Each structure stands twice: as C-alpha cells, then as structure tokens.
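I have placed the structure first, in the form of structure tokens, so that the comments after it can refer back to it.
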Protein chains: 2
Amino acid sequence: MGCAVLPLTLSFVTMDQVNLKRLAKELGLAISTVSRALRDSHEISQETKDRVQALADKLGFQPNPHASSLRKNKSKTIAVIVPEIENNFFSGAINGIELIAKQKGYHVLIYLTHEDFQLEKGILQLLQNGRVDGLMISVSNTTTTADHLIASSQAGLPIVFFDRVFEDLDVPMITTDDIEVSFKATEYLIKKGCKKIAFLSMAENLSISKRRHSGYQKAIEKYLPGGWHKTVPCTPNDEQNRQVINNLMEEPDAPDGIFAAVEKFAINTYQVCNERKICIPQQLKVISFSNYSATALFNPPLSSIIQPAYEIGREAAAILFKIIENKKLLTSENKVILPSQIIYRGSTN
Amino acid sequence: MGCAVLPLTLSFVTMDQVNLKRLAKELGLAISTVSRALRDSHEISQETKDRVQALADKLGFQPNPHASSLRKNKSKTIAVIVPEIENNFFSGAINGIELIAKQKGYHVLIYLTHEDFQLEKGILQLLQNGRVDGLMISVSNTTTTADHLIASSQAGLPIVFFDRVFEDLDVPMITTDDIEVSFKATEYLIKKGCKKIAFLSMAENLSISKRRHSGYQKAIEKYLPGGWHKTVPCTPNDEQNRQVINNLMEEPDAPDGIFAAVEKFAINTYQVCNERKICIPQQLKVISFSNYSATALFNPPLSSIIQPAYEIGREAAAILFKIIENKKLLTSENKVILPSQIIYRGSTN
DNA sequence: CTGTTAGCGCGTTCAA
DNA sequence: TTGAACGCGCTAACAG
C-alpha cells in the first residue's frame, strides 16, 4: 500500500496545468487579455473581466510565481536569518515578522546560522540574486566582520538588522534599550544588597554583549566604585557553562549576585545552585534576560528582563517593507530602540 | 542622515546585472556554453570551464533562481506550515527540517496558521502553483476537514504531515507514540496513588488530542475501572484556562492528579495552584507534554513527556525529499511513529 | 567541444 | 477594447 493520491495526480498536472495560456484558450481570448483582466486593468471590459475571473476561480488559477518574479524582478519574499530558532526571543521576532509579511502578501524564508559565521556567509551568498526582495538578520556570535552584509547591501539587497547588529553600519537596525535595562537590573541587585555581582556574558564581539556589559559596568561604577566585579564568558554549551559557574561559586570570594546576559546562563546557574545547595536568593540573587514567561514558575521565580520580541519583529519588518517599497525612512527609523521590561521576582528578593 | 549605501547601489545593479549573458559576452562565448560550464557538463573542455568559473567567481555570479525555477519547474523550496512558532515543539521541528533542507540545498518557507482554519486554507491556496516543491504541515486545531490538503495533494504537491495529522488520509505522516506514552503517564499517576485524574485536553478534533485522550482512558479503564475520570477542554487562552482549572479545583471532588495534553495547560495549572495554595505533588500531582527542558526548574520540577521534535522534523523532511526525488517510500515510511520520552520529576512524587 | 534556437509563464509594448 | 510579439534568465534539444 503506498500513496495512491500522488502517482495519480502527477500526470494530471502535466497535462492540465492551469496557466494563462490554458485560460485564454478555453475562453477564446489572447493570453495578454486574460493577464490584464486578472490584474483588473482599466482597458478591459467588465464583461470580459467577469468571464475571465469566473473561469480562473473555477480552475483555481494561481499565477506561476517564478514567471511572475522573473518578469517583474520581484520575489514577493523576504528572508529572516537568525542564529537559532528554539529560543523564545527569536521565535517571537519571527512571529512578528510573519504578521507583517502576511499583511503585505509576502512570503518568509527562514535561515538558521547556528552561530556559525561561515554558514551565515553562505546564506547571504545564496540570497544574492533576486531570491528575496530583502532580508532581516540577527548576526551569529562568531560573526566579527560585516563584509558579507555590506556586499549584499551594495549589491542592492535591502537589509534590516535586529537585536544583534553592527552598530557602525549605515543600515537600519532595531534594538532594545540593553544598556539602560542592564544598568537597572544591576542597580536592582545592588540595592537588594549584592556586593559581588558577576556578569555571565555571551561572545564578547556581539553588539548586545557589549551593550549589556556596558550597562552592568556603569551600575557597578556608580554604586560600587572600585568594588568587586567579574565578567564570566559563557558559551552555547550547557555543560561547559555549568563547569564555569561551578568554578565561580567555588572560589573564596564567590559572587552574591548573577546578572545573566541570556536565559540559558540563568538556567545553568540554577542547575549549579541546585547541585551545590546554594540558596537563591539568600546566598545568590539572579536576574536574567529571558523571553520565556514560565520562568515565573521557577524555584524561585526568576527575575527576568523581557525583550519585546514580537514588536521587534513587527518593527523590523515594517521598516524593511518601507525600504522595499522605496518609501523614505524617517530619521528615527534608522536606529529604533524599543524598551525591554523587567519583572522582579523571587530570585532577587 | 539616511542609508548612504542603498541609493548608491541601485543604479549599480541595474546597469551591471551579472547573469549568463554578461559572462558570455565578457568571455566571448555562447550563453549555453557558459551555462554548461558552470553546471560542470562533461561536454565542455576543462580550460573553458576554468575560464568561466574564474569570471563567475570574480563577479560573484549566482544564477537567477526564478529563471531557473521557471525553466526546470522546480523551486528548490519547501514550505512548513505550523499553528504557532513560539512553542518549543514546533520550533524544534523546524530546526530539524531546516537541517535536512540545508543538506539538500533547499530553502524553507514558514507559514503560521495561528490555529485558524481559514488562514490554513489560504496558505495552501498560495502554494498551489509551483512556489514550493513540497510541504510539511501540522494542522491547526480548528481544521476539521482535509479537503484543502487533498486538493493540493491531487494537484501534485507532495505533502507530509507531522504530529497533528489526518489519520485516514493516504499521505505520509510522522507522529509520536501518543497513546502509549499517555497511557504510561496516566498509569504512573495512578501508581503514585492518584484516584481522580483529570485530563486537560486541546480541541477534540485534533488527532493528537484524540490519541492522548485515548491513552489516558485506557489507563483509567485498566486500573480504575468505573472510577473517577474527567476530560477538561482547555483553549489557547491562558485566562480562560485558569478559570476552568480554578472551577475544577473548587469542586467537592476535585482531582488529585492532572494529565495535561500540552505544556501551556500545566503552566496554567501551576498558576492556579500557586494562587490557591494547592501543594504539588502532595495535593495534586501533575504530568504534562512539554518540550521545554527548563521545566526541570519549576517548583516543583514538572514531570514531562518530551516529544522528539527535532527528530520529527528531520524525519518528516527526509521523507518529503524522498517523495520530491521520486524515490519509492518504504511501507514503514508512510506512518512513522517516533517514541516520546517521559521524565518523572517532583510534580508526581 | 561549442553555438544556435526554442520555450518555461508572465507582463508589457506596440498594433489594430 | 483586444491581440500579437517580445523578453525576463535560464536550460535543453539540436546542429555542427
């Protein structure tokens, strides 16, 4: 027993492709007339339009997108390039992007870099020749140069950055108030009594790493000038991170506060604390960037910095479409900064 | 200050499009020769191939995908249709799909139905005319008929279902051992002493709802024949669910065990229990489908049924490509059932 | 081994 | 108001 449906239909399709030619023949019209009728051209009589539309509906005509794209030099497609997708921030952004794309009648291609610069370069190469009308990217954490992005941009491909950006490029970008919110989060830990706050950091070359670190540093300098501070580089690897955090907590002057640059590191911290029987928040207070709302159910509930992922996606897509449609961007749209939200919970009490 | 890069380059592109014609002219060759050289045809001399390749590399030539697709009637693109993306199960599946697609040199279009049947129908309509070479879908929970899918399939579009399927269709599908694993989960609750286990259910028309319910029911019938059981319909709306669960827990014979068909409902249960000071697992044991690993950090840690999302995605994509490539499917590939994994944690102690 | 030609399906010019 | 013809960029059949 196989798939009865498919073999049956292959021949069907080959013979009965529904395209302009077919419609034209069945209606006794020229192809161009049918084409114009369907595009509601003013130079076609209403009667003809109706006849054409009726048959098109009946046969479920859909114009061949490749022919159309080739002719119009427009793909009606945008690309989203993200490091990973099993991450509520990126999937939230994609959700927002998809909303706008759908409204515009656009299709959305997804590419994952898995934090690999070479992959990212390859993807940009692939998108070079008209496959998409524009792209949005959050760069991988191994990306240290923007040459591939500049090249694409110079080849005429509209690009919008979001979250993980290259700040010195003259390309529209949507970010969040990382510096301010990181300052606030660190400040909060300090006000709650932390004297030794460690910053769990992602790859240092990343724009968001720098900004989050900068907010942390500013708070330390303001409230604990010359005091204890430590930046702990973490990785995408859980086991490795747990090892690093374990070592950190073993030291004589272990931290009494953790500011995690991404949710993963907070989770690794919780895991280590569970193992070592370190009490959060009594012995160690923890606050972290996170876009998973159920961190409220953690033990203890995790104080979280929530980025407006959905809005970032919507905003980035909206700006990309303005570029695609050759609309002029407002000055403010070149660098959009959206506010994150901090929810203080049990992990910082 | 605007985007200096873009305006500059638009004219560049328009004048200097790099295509076969351009390469041919610069090399003094025929277009077809260049085409064949680049496709490494055996009927082209090595010397010519080298010359062509060199110039192509120098100019960063990428064949126009629309022209290519139009000519070959192949889009090198597949579509993934899922209800939502901010959900670790679906994002995990997409991750697996993307892996295989990348290996095959394919592109991946994402469509979200937001659990809306009309949207789902519209998307299938869009994919009708060659935009993709095949699609994979997990149907929305408001989808009660497969007509739109059958129509596409009959129009020659390869389709593979995953997770949320239509079981009576003759189309390949990848699912998990929902019945067995639901039986086991319920059985476990019973062995842990639960006498009154409620099943928090999704839309009843969904294949996975039925299967998960069936496993639950079998366990009840086997171990508590004629005993207390209750199926509680939940929705995508958190507030509504909390209300429903609240009412449930208020009743004189409230349940002492919850089996949640999706993670969201377990979270809603935890929220209600927090409010009502109901102790998990002493007063109420909870087990749930979930693909978020950090449920281990919940208070108490949530016993979870983890579906192999990534493998489902990989397997579904692999089978879709077999169909696209006209390879014969093994009988076993028409209905693939992958095992889920249960991790028992504090919520069922 | 290379060139010429035709045509994928559509949209647009030019004619009528 | 409609039709005929061309070309988007590429691939494949046919010639030489």
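No value in this document is a laboratory result; all are computed from the given coordinates. Every value quoted in this text rests on a predicted model; they were computed, and no experiment measured them. Every residue, glycine as well, gets a Cβ built from its backbone with ideal geometry; the counts of neighbours run over all protein chains shown.
P(r) tail for chain A, what percent of Cα pairs lie past 37 Å? Let's see the in-between values first.
On the way: 22382 of 60726 pairs.
Roughly 37 percent, rounded to a whole number.
Its relative contact order, with pairs defined as Cα atoms under 8 Å and 6+ residues apart, puts segment A:202-349 at 19 percent.
Farthest toward the dipole's positive end in segment B:3-171, which of B:42, B:30, B:70, given Cβ charges of +1 (Lys, Arg) and -1 (Asp, Glu) about the Cα centre? Checking the options against the dipole of segment B:3-171, the answer is B:30.
If the chain between residue B:243 and residue B:147 were fully stretched, how many nm would it gain, using 0.36 nm times the residue separation less the Cα-Cα distance? Walk me through the numbers before you get to the answer.
Working: separation 96, 0.36 × 96 = 34.56 nm, distance 3.53 nm.
31.0 nm is the gain from fully extending residue B:243 to residue B:147.
Between residue A:254 and residue A:299, the modelled labels are 1.9 nm apart [label points 7 Å from Cα along Cα→Cβ]. Here the spin labels are modelled as points 7 Å beyond Cα on the Cα-Cβ line, and at residue A:39 and residue A:344 they lie 6.1 nm apart.
Can you tell me the length gained on complete extension of the stretch residue A:191 to residue A:118, counting 0.36 nm per residue apart and subtracting the Cα distance?
Working: separation 73, 0.36 × 73 = 26.28 nm, distance 4.35 nm.
Gain in length upon complete extension: 21.9 nm.
Considering the options A:94, A:265, A:219, tell which one lies farthest towards the positive end of the dipole of chain A, charges being +1 on Lys and Arg and -1 on Asp and Glu at the Cβ, about the Cα centre. It is A:94.
Shielding by partners for B:323-331, please: the mean number of other protein chain Cβ atoms within 10 Å of each residue's Cβ.
Numbers: counts 2, 0, 0, 3, 0, 1, 3, 1, 2.
Going residue by residue through B:323-331 and averaging, the value is 1.
Sorted into 10 angstrom bins from 0, the C-alpha pair distances of the protein assembly as shown split as 3, 13, 21, 23, 20, 12, 6, 2, 0 percent.
Taking the centroid of alpha carbons for each part, segment A:281-349 and segment A:203-222 are 16 Å apart.
Measuring r between the beta carbons of residue B:17 and residue A:26 and using R0 = 30 Å, the FRET efficiency lands at 0.25.
Under 15 Å from a point placed 7 Å out from the Cα of residue B:205 along the Cα-to-Cβ direction: which residues of segment A:57-100 have their backbone N that close? Counting backbone N atoms under 15 Å from the label point, the list is empty. Relative to the longest principal axis of the Cα atoms of chain A, the long axis of helix A:207-223 lies at roughly 30 degrees. Between segment A:102-160 and segment B:237-275, what is the separation of their alpha carbon centroids in Å? Using only Cα atoms, the two centres lie 44 Å from each other. For segment B:3-171, the Cβ-based charge dipole about the Cα centre amounts to some 1100 debye (Lys, Arg positive; Asp, Glu negative; other atoms uncharged).
Along segment B:100-109 the Karplus relation, 6.51 cos²θ - 1.76 cosθ + 1.60 evaluated at θ = phi - 60°, assigns HN-Hα couplings of 5, 4, 4, 4, 8, x, 9, 9, 10, 8 Hz to successive residues, with x for each Gly and Pro. Distance between the 7 Å Cα→Cβ label points at residue A:170 and residue B:50: 4.2 nm. The calculated pair-distance distribution of segment B:178-307 uses every alpha carbon pair, bins of 10 angstrom beginning at 0, and gives 13, 49, 35, 3 percent. Bridgeable lysines around residue B:49 (alpha carbons under 24 Å apart, same-chain partners fewer than 8 residues away excluded): B:21, B:25, B:58, B:72. For residue B:299, the amide hydrogen comes within under 5 Å of the amide hydrogens of A:299, counting only partners 5 or more places away or on other chains and with H modelled in the peptide plane. Computed from point charges on the beta carbon alone (+1 for Lys and Arg, -1 for Asp and Glu), the dipole magnitude for the protein assembly as shown about its Cα centre is near 680 Debye.
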